[in-house]
Ligand SMILES: [Ca+2]
C-alpha cells in the first residue's frame with residue numbers, strides 16, 4: 001500500500017512540476033527591477049560626466065542600455081516624486097504634495113492604483129527593498145499598496161529629530177520593526193543582500209522589485225569597505241557603494257540566468273544637495289528647486305537584447321511614464337483612471353515619434369514650471385532655499401533648453417508671446433485637474449523650537 005502512495009505522489013508531483021509543462025506554459029513576461037537612488041544628481045555618475053565619483057557598474061549599464069538625457073521627475077522632493085512614479089499620476093491628484101514626516105498622520109491613499117498593484121494583479125511577485133516614504137502608519141505601508149514583501153525604512157534617514165519626538169530610525173520587514181535605530185553604515189549592503197535574496201527566491205516566476213536606496217540622501221553613511229574610496233569624500237564613497245550594489249544585482253541576474261529576461265531601470269527621485277557634494281552637472285539649481293538641476297534625473301534602462309548598446313536618448317520623458325510603459329510591456333490592463341504618463345516603449349525601443357507633450361513641475365502643491373518642446377517656463381518664485389550657487393528668482397523666466405541647458409539666459413522679455421502661451425497652458429492644466437484632494441498635512445503637533453527664534 002505504501003508503495004502505491006509513493007507512486008501516486010510521484011505521479012502527482014510529476015504532473016505538477018514546472019518541467020512537465022515547461023514548453024507550453026512557461027511565463028516569458030520580463031521581470032522588472034526599478035532601482036531608485038535618493039537625491040542623486042544629474043552629474044553624479046561617470047556616464048553623466050562625473051570625474052570624481054567612479055561608477056563602473058552603472059557606466060557599464062549605460063553602455064549596454066539606454067542613457068536618458070532628458071528624464072524628468074514631477075517634483076524636486078521625495079514623497080511627491082515617489083507618488084508620481086508609483087501611480088503614473090501627477091501627485092497633486094493624490095494630495096501627496098509634501099514630504100511626510102514621522103509625526104504625519106496621513107499617507108498615500110489605498111484607493112490610489114500603484115505600479116506594484118498592477119504587477120501583483122498580473123501574477124508578479126512584488127517586493128520593495130528600501131525607502132517607502134508614502135506614509136509610515138500601518139494603513140499606508142507597502143503591503144497596502146501591492147507589495148508582497150517589504151524590507152527597509154518607512155521614511156528618510158534624517159528623520160530622527162528630537163524636538164518632534166521622532167523615534168530612533170526604524171528598520172522594518174513586512175511592517176515589523178527589526179532594528180531601531182538602524183545602523184546606517186550597513187544599510188546599502190543590507191539592501192543589496194535582501195535584493196539578491198528576493199531575486200533568488202523568485203527566480204522561477206515573474207517579479208517586480210522596487211529597490212529604493214536610502215542614499216545619497218543625508219546623513220551620509222558608508223560601510224568600512226567603501227569609506228575613503230572616492231575622490232569626493234563621503235558623498236563619493238556613498239555613491240560608489242551604491243554603484244557596487246547595482247553591480248551585485250547584475251551579477252545575481254546572470255548567476256540565475258535571468259539577465260536575458262529582466263528589465264532594469266536606474267533613476268533618482270530628485271536632484272542633488274550641492275553642499276554635501278552632489279552635482280547637477282551643467283544644470284542649474286538642486287533639490288527643492290524646479291530648475292532642471294532639481295527635476296532632471298540620471299536615468300538608465302537595461303534590457304539585454306532589446307536595446308542597441310550605447311544608446312543615448314535625448315527625448316523628454318517623465319516619471320509618470322513608467323507605469324503605462326511597464327503595463328504595455330507585460331500586457332497588463334489598467335483600470336479606468338486618469339494616468340498622466342504615456343507608454344513610451346515604442347519610442348525608447350523602436351525610436352518611434354511621440355506626440356508632443358508638456359511636463360508640469362511642482363514644489364509642494366504649487367505649480368511652478370512647465371517644459372513644452374525645448375521651452376522651459378518658470379513662474380516668478382523664490383526657488384533656491386539652499387542659496388548655494390544661484391540667487392533666487394523673483395521674475396518669470398523662459399529658457400530654450402536646447403541652446404541653454406543651464407538655464408542662464410532668460411528669454412522672457414524677448415519672447416513675451418511664448419511666456420503668455422505657456423502661462424496659459426499652466427492655467428488650463430490646473431483647471432483640467434478639477435477638484436484635487438487637500439494636501440495631506442495632518443500631523444501630530446509638536447513644539448517647534450525654530451519658531452521661537
Ligand atoms: Ca529625495
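The values are calculated or read from the model by the stated rules, or taken from the named source; none is laboratory data. Please read all numbers here as calculations on a predicted model, not as lab measurements. Using ideal geometry, Cβ is built from the backbone for each residue, glycine included, and neighbour counts are taken over all protein chains shown.
Could you list, in sequence order, the residues of the stretch 191-238 that are touching a strand residue (DSSP E or B) at 6+ places or on another chain (Cβ under 9 Å) and farther than 30 Å from residue 28 by Cα? Result: 214, 215, 216, 217. Of the residues making up the stretch 332-357, those that are in contact (Cβ under 8 Å) with a residue 24 or more places away in the chain and either surrounded by fewer than 17 Cβ atoms within 10 Å (Cβ to Cβ) or more than 20 Å from the chain's Cα centre (by Cα) (or both) are 332, 334, 335, 337, 338, 347, 349, 354, 357.
Counting the residues of the stretch 36-90 that are under 20 Å from residue 108 (Cα atoms), away from the ligand (no atom under 15 Å from the Cβ) and not in a loop (DSSP other than H, G, I, E, B) gives 1. The residues on offer are 242, 258, and the sole one that is at pLDDT 95 or above, within 16 Å of the ligand (Cβ to nearest atom), within 18 Å of residue 57 (Cα to Cα) and touching a strand residue (DSSP E or B) at 6+ places or on another chain (Cβ under 9 Å) is 242. For residues that are more than 16 Å from the ligand (Cβ to nearest atom) and part of a loop (DSSP other than H, G, I, E, B), tally how many sit in the stretch 137-168. Residues flagged as more than 16 Å from the ligand (Cβ to nearest atom) and part of a loop (DSSP other than H, G, I, E, B) within the stretch 137-168 amount to 11.
Table: residues versus (1) surrounded by fewer than 21 Cβ atoms within 10 Å (Cβ to Cβ); (2) without any contact (Cβ under 8 Å) to a residue 40 or more places away in the chain; (3) under 23 Å from the mean Cα position of the chain (by Cα); (4) not assigned by TED's automatic domain parsing to the domain that holds residue 301.
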{"position": "191", "(1), (2), (3), (4)": "no, no, yes, no"}
{"position": "197", "(1), (2), (3), (4)": "yes, yes, yes, no"}
{"position": "209", "(1), (2), (3), (4)": "no, no, yes, no"}
{"position": "216", "(1), (2), (3), (4)": "no, no, yes, no"}
{"position": "224", "(1), (2), (3), (4)": "yes, yes, no, no"}
{"position": "227", "(1), (2), (3), (4)": "yes, yes, no, no"}
{"position": "231", "(1), (2), (3), (4)": "yes, no, no, no"}
{"position": "236", "(1), (2), (3), (4)": "no, no, yes, no"}
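Among (1) over 29 Å from residue 226 (Cα atoms); (2) within 16 Å of the ligand (Cβ to nearest atom); (3) buried (at least 24 other Cβ atoms within 10 Å of the Cβ), where does residue 130 come up short? Among (1) over 29 Å from residue 226 (Cα atoms); (2) within 16 Å of the ligand (Cβ to nearest atom); (3) buried (at least 24 other Cβ atoms within 10 Å of the Cβ), the lone unmet condition for residue 130 is (1).
Okay, residues lined up against (1) surrounded by 11 or more Cβ atoms within 10 Å (Cβ to Cβ); (2) modelled with pLDDT of 95 or more; (3) over 25 Å from the mean Cα position of the chain (by Cα):
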{"residue": "370", "(1), (2), (3)": "yes, yes, no"}
{"residue": "373", "(1), (2), (3)": "yes, yes, no"}
{"residue": "381", "(1), (2), (3)": "yes, no, yes"}
{"residue": "391", "(1), (2), (3)": "no, no, yes"}
{"residue": "404", "(1), (2), (3)": "yes, yes, yes"}
